[in-house]
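Computed from the coordinates by the stated procedures, all read-outs in this text should not be read as laboratory data. This is a predicted model, so every value here is computed, not measured. Virtual Cβ from ideal backbone geometry, glycine too; neighbours counted across all protein chains shown.
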Amino acid sequence: MASDNPDLPKEYLTEALNSLQTNDVVIGPCDDGGYYLIGFTKKGFTPLAFDDIPWSTPGVFNKTYDILQQHRRVTHLLPQWYDIDTYEDLLKFYNRNKETPRDSLTTMTVLDAYLKKKENV
């Protein structure tokens, strides 16, 4: 898992890997207009997919996807997910996972301590 999407379902990663058996590219769109995962086969690797991208804007996924389509890459889309870019995103993550057992998601243990400390400041 990446640091900006610690609760990404393992099934999405499995789907991504499996999709590369029959597709050139796999990409997972984020709810903020970016993407949380991109993967290529060796044959399908497209360096131009990273050029002239409006990083940190809502247009990242669309621009990347358009480039892949222009280069005729067979692309598998994963389900939409999210990433954590802002404090508000972090709070959404925390609230979505507050019932998760602490031994299964270490991030939550750290956030418990951080948020408790922040409340006392």
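For this structure, a couple of remarks:
- Computed over the chain, the convex hull of the alpha-carbon atoms projects to a mean area of 8.6 nm².
- Scaled against the 2.2 N^0.38 Å expected of a compact globular protein of N residues, the Cα radius of gyration of region 10-77 reads 1.05.
- Computed over the chain: relative contact order in percent, which uses C-alpha pairs under 8 Å that are six or more apart: 26
- Summarising the amide proton neighbourhood of Y36: residues at separation of 5 or more, or on other chains, whose placed amide H is nearer than 5 Å comprise G28, C30.
- Between region 10-45 and region 71-121, the Cα center-to-center distance that results, in Å: 20
- Helix 10-19 and the long axis of the chain differ in direction by around 10°, with both axes built from C-alpha atoms.
- Helix 106-119 vs. the chain, principal-axis angle (Cα, 0 to 90°, nearest 10): 50
- Computed 3J(HN,Hα) for region 94-101, one whole-Hz value per residue from the Karplus formula 6.51 cos²θ - 1.76 cosθ + 1.60 where θ = phi - 60°, is 4, 5, 5, 10, 5, 8, 5, x, glycine and proline marked x.
- In degrees, nearest ten, helix 60-70 long axis to first principal axis of the chain (Cα): 20
- Ellipticity at 222 nm from helices only: DSSP H runs of n ≥ 4 in the chain, each -39500 (n - 2.57), divided by the residue count, give -11500 deg cm²/dmol.
- Cut-off 15 Å, label 7 Å out along Cα→Cβ of T22, residues of region 74-94 by amide N: 74-78
- Distant-in-sequence amide H partners of Y82 (H built 1.01 Å from N, under 5 Å): D31
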